[in-house]
Amino acid sequence: MAESDLPAHPFVKWAGGKSQLLGEFQRCYPEELRTGVIRRYVEPFIGSGAVMFDVLRRFPLDHVVIIDQNDRLMQVYRVIQTSVEHLVDVLASMQAQFWALDDEARRTFYYTVRDDFNQHRGTAVDQAADFIFLNRTCFNGLFRVNRRNEFNVPMGRYRKPLICDAENLRYVHEALQPVTIVTGDYHEAAVYAGPDTFVYLDPPYRPLSATASFTAYSADAFNDDNQRELAQFVRWLDEQGARVMLSNSDPHNVDPNDDFFDELYDGFVLTRLPARRSINSRSDRRGVINELVVTNYPPAAEIRSSPTTATSFVTSS
């Protein structure tokens, strides 16, 4: 895979998306990725894929694998990879219809599409279009499902939401051509682990408070036990020689004594980066907080010396 200048970027809005952190994350990438020693990139918990698109654009790679257990999201990736023009046509029609409606008719349109989506009506392209439509028109672009795995986010308030971003969808189509798309949980990454592999993991974040969880991407919650199981998998990846980078919320934002991740990733490098909370029902709570980045290699020198960034080299006792 040759290095590309394609300006592909995420085609959906996503809670916890990393677009606003790419400048900091680029300095967290392993040196072996820059020098060409690493030729494979693997990303479980792909979500909107901001980091994946950035890596695809910047580095020559032989193999890229994206993984997520959200089967509806992975279906959209596959449709864009194989049938982008058909998808663009469907979305353009939906956008024209939606824009022409008054508020009450828009509500009817939105909830009809939501029902169609939850009932899996239509072709794969139709369902992918429904996914993107709902993402672009729902409240805060939040993907959330209930225990029956039904999308249940209410309609948002947008005058002319961009439902059909045809140009970017075509860029994404080109970027995805050499990418392997896998539906499953993060354990699927095991078969690709090795010294020539960079694995980036962006799991559902540990909530900073009892009411702060916006990451219900599937019907199954991701609790502290799941975080511990993931940490064991990260240690296994490390043993295989892979370069590993993981991001999560920083408990120190609300409790300086909460060392959950510091203890969980004892022996790894923990870097705290300033980030802006992107999804909250109140704009005054979308402030700057720290984001935690865990790596099994040292960060770039400029990160270690930055006055706005804290790095902890947590070593095993």
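Structure notes:
- Near-label residues of the stretch 129-144 by backbone N, under 15 Å of a point 7 Å along Cα→Cβ of THR82: 129
- Overall dimensions of the stretch 51-97, expressed as equivalent-ellipsoid semi-axes from the Cα gyration tensor (√(5λ), whole Å, largest first), are 26, 14, 10.
- Applying 1/(1 + (r/R0)^6) with R0 = 25 Å to the Cβ-Cβ distance of VAL37 and GLN232 gives a FRET efficiency near 0.45.
- Set the Cα radius of gyration of the stretch 84-142 against 2.2 N^0.38 Å, with N its number of residues, and you get 1.06.
- THR108 paired with THR123, simple spin-label distance in nm, labels 7 Å along Cα-to-beta-carbon: 2.7 nm
- Highest mean packing comes first when the peptides 45-56, 157-168 are listed by Cβ atoms within 10 Å, giving 45-56, 157-168.
- Centre-to-centre separation between the Cα atoms of the stretch 1-76 and those of the stretch 111-132: 27 Å.
We did not get these values from a lab; they are worked out from the coordinates using the rules stated. All of these numbers come straight from a predicted model, not from anything done at the bench. In this analysis, Cβ positions are derived from the backbone assuming ideal geometry, glycine residues included, and neighbour counts consider all displayed protein chains.
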